[in-house]
Amino acid sequence: MPNSEYSQQGQLSIYYNMKRIFILSLLVTICTFINLISIAQSLKVHESQRYLVKTDGKAFMWIGDTAWELFHKLNREEATEYLENRAAKGFTIIQAVVLAENDGLRSPNPYGEVPLIDLDPIKPNEAYFEHVDFIVNKAEELGLFIGMLPTWGDKVFSKYPGKGPIVFNQDNAMAFGEYLGKRYKDKSIVWILGGDRNVANDEVLGIWQNMARGLKKGDNENHLITYHPRGNSSSSYFLHNEEWLDFNMYQSGHAKRFNKVYDYATHDMLLQPRKPFLDGEPAYEDIAVKFWDYEISEGDLDEKGLIKNREIFSEGFFTDYDVRIHAYWDFLAGACGYTYGNNAIWQMYKPNGNMAIPCLYDWHESLDRPGAADMEHVHKIFKIRPFEKLIPDQSIVYGYNANNENHIQAAIANDKSFMLIYLAKGQKVTVNMKKLNNSIEASWYNPRDGNSIKIGEYKNDGKQEFTPPGSGENNDWLLVLDDMKANNLKLE
């Protein structure tokens, strides 16, 4: 009898332990499922038509990186390192291409896979897309969106052909769009059509229209769509009235320093119907100014295939300073986002690998370049002083405002709680203090390190001159003027 009783107690103990394990496993499964739901987000256009919001209703600050060759060139370990680096620096979206520019249809990814079977858009290679899936999922885990380009523009006819080959027509473009839409319908995705090309003719317009239709059909219209145009142009120039185009993207490009990006913003802001807009490809850090004007030979490169003689490029290279100027000019001119770029990162250049544009460093060395680090400070200031409140207002600046490197860009919050004034060369500025309703607290925000310096308190009356702590090249400053009765967060 004692043995029988012991056996029954043992069986009960096993039963309750198994039950406990089952309940714990069920809770873990439920929590994991809830966590996955909370991670995945989609974007929509805010009712004001000025910026984008996430599913939870919070404003989405588009701070992007051009990682065009991400799916094509990096293996999973490298992609994970890259994405973790960008998430830590305050980036919010990564722009990458499924059918990549650098011979992306014929040159395989690190696992020996090409995206299409027989170069046919209706025959996607599952093994290739499993790698894309991994990167999309990893980005989502880190809170990043993917700005996914279905294809680079050289796979469609244009006046500027690339390696291609041209594989799209109106029929297979819709099928390919539907395939992508279904595959990523529940992912944190924004669709970006175009791929560095403008619309060449009506046939090409039909291809992009059908690809957009396919994407919408496949993902049940769950994601926004924009278009990445050629340099020095905006999607608004030829697609603004397309119903599928949810917001505009311009490429201010790589032609000159102190590019007047605010002119693109002003143009797009005045259009009707109103749509949000952003700078999807400004000048890349470490790329030569007007790189297309130069030819180099093997003798100009070192043992890693990198540029060893910078003097060849007479106009020099874009730096972190240029990155900051364009970022602050864009945001204060009304853009809902800005995309950083680095010459080695976009092409994921590896030592002695294929190079589209000559590089100063490889992709790994470029992860922590100063311009990339500056994006963290951009994120910080436009979170504390919410970018979605900004209304461009050049009347804040008293007197003549140059339209060159000395240009001053200013904006005021829509509730008049603060004003921001960006001084690209640390120049003196005279401010119309009557723009805010109450006494004003003034501070300098340093775009190079994210630190602030309190200036003092002022009356909201007349005009006031402010002199930054430093001036000249690489001495840019952001003047922050707060209404002292507004409930603002501190910069510190």
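The values are calculated or read from the model by the stated rules, or taken from the named source; none is laboratory data. Owing to the predicted nature of the structure, the values given are computational and were not obtained by experimental measurement. FYI the Cβ positions are ideal-geometry reconstructions off the backbone, even for glycines, and counts take in every protein chain you see.
Could you say whether any residue in region 115-135 is within 26 Å of residue 378 (Cα to Cα) and basic (Lys, Arg)?
No.
Please enumerate the residues belonging to region 337-355 that are surrounded by fewer than 24 Cβ atoms within 10 Å (Cβ to Cβ) and at pLDDT 95 or above.
Once the filter is applied, which keeps residues that are surrounded by fewer than 24 Cβ atoms within 10 Å (Cβ to Cβ) and at pLDDT 95 or above, region 337-355 yields 350, 351.
If a residue must be part of a loop (DSSP other than H, G, I, E, B) and over 20 Å from residue 473 (Cα atoms), how many such residues does region 271-312 contain?
Residues meeting the conditions: 20.
Any residue in region 477-491 that's not assigned by TED's automatic domain parsing to the domain that holds residue 416: show its pairings with residues that are buried (at least 21 other Cβ atoms within 10 Å of the Cβ) and modelled with pLDDT under 60 at Cβ separation under 8 Å, as long as the two are six or more apart or on different chains.
none
For region 468-488, which residues satisfy the criterion of being more than 13 Å from residue 452 (Cβ to Cβ) and outside any loop (DSSP other than H, G, I, E, B)?
483
Going through region 158-170 one residue at a time, which ones are over 11 Å from residue 206 (Cβ atoms) and buried (at least 17 other Cβ atoms within 10 Å of the Cβ)?
Listed by number, the residues that qualify are 158, 162, 164, 167.
Select from region 441-463 the residues that are within 14 Å of residue 422 (Cβ to Cβ) and of a type in the set (A, V, I, L, M) and list them in ascending order.
Passing the criteria: none in range.
Could you say which residue among 135, 166, 146 is among the aliphatic types (A, V, I, L, M), farther than 18 Å from residue 235 by Cβ, in a strand (DSSP E or B) and modelled with pLDDT of 95 or more?
146
List pairs: first residue in region 391-412 and more than 20 Å from residue 476 (Cβ to Cβ), second residue small (Gly, Ala, Ser) and at pLDDT 95 or above anywhere in the structure, Cβ distance under 7 angstrom, at least six positions apart or on different chains.
391/411
Kindly indicate whether residue 349 is under 28 Å from residue 226 (Cα atoms) and in contact with a Phe, Trp or Tyr (Cβ under 7 Å, 6 or more places away or on another chain).
yes
Could you grab the pairs with beta carbons closer than 9 Å, sequence gap of 6+ or different chains, first residue in region 347-374 and on the phi < 0 side of the Ramachandran plot, second one of a type in the set (Ser, Thr, Tyr) and surrounded by fewer than 16 Cβ atoms within 10 Å (Cβ to Cβ)?
Every condition considered, the pairs that remain are 354/107; 358/294.
Could you please let me know if residue 197 is out of contact with any strand residue (DSSP E or B) (no Cβ under 9 Å at 6 or more places or on another chain) and in a loop (DSSP other than H, G, I, E, B)?
Values: out of contact with any strand residue (DSSP E or B) (no Cβ under 9 Å at 6 or more places or on another chain): yes; in a loop (DSSP other than H, G, I, E, B): yes.
Spelling it out, residue 197 is indeed out of contact with any strand residue (DSSP E or B) (no Cβ under 9 Å at 6 or more places or on another chain) and in a loop (DSSP other than H, G, I, E, B).
Look through 345, 312, 307 and report the one residue that is in contact with a Leu (Cβ under 7 Å, 6 or more places away or on another chain) and among the hydrophobic types (A, V, I, L, M, F, W, C).
On inspection, the qualifying residue turns out to be 307.
Can residue 300 be described as modelled with pLDDT of 95 or more and surrounded by fewer than 24 Cβ atoms within 10 Å (Cβ to Cβ)?
Against the criterion (modelled with pLDDT of 95 or more and surrounded by fewer than 24 Cβ atoms within 10 Å (Cβ to Cβ)), residue 300 does not qualify.
Considering only residues of region 120-132 that are outside any loop (DSSP other than H, G, I, E, B) and of a type outside the set (Gly, Ala, Ser), which is surrounded by the fewest Cβ atoms within 10 Å (Cβ to Cβ)?
Initial filter on region 120-132 (outside any loop (DSSP other than H, G, I, E, B)): 124, 126-132.
Remaining after also requiring of a type outside the set (Gly, Ala, Ser): 124, 126, 128-132.
On the way: 124: 20, 126: 9, 128: 22, 129: 19, 130: 11, 131: 21, 132: 22.
Checked region 120-132; the qualifying residue surrounded by the fewest Cβ atoms within 10 Å (Cβ to Cβ) is 126.
Mind checking which pairs have a first residue in region 424-445 that is closer than 13 Å to residue 469 by Cβ and assigned by TED's automatic domain parsing to the domain that holds residue 398 and a second that is modelled with pLDDT under 95 and crowded, with 17+ Cβ neighbours inside 10 Å, Cβ under 7 Å, 6 or more apart or different chains?
443/491; 445/491
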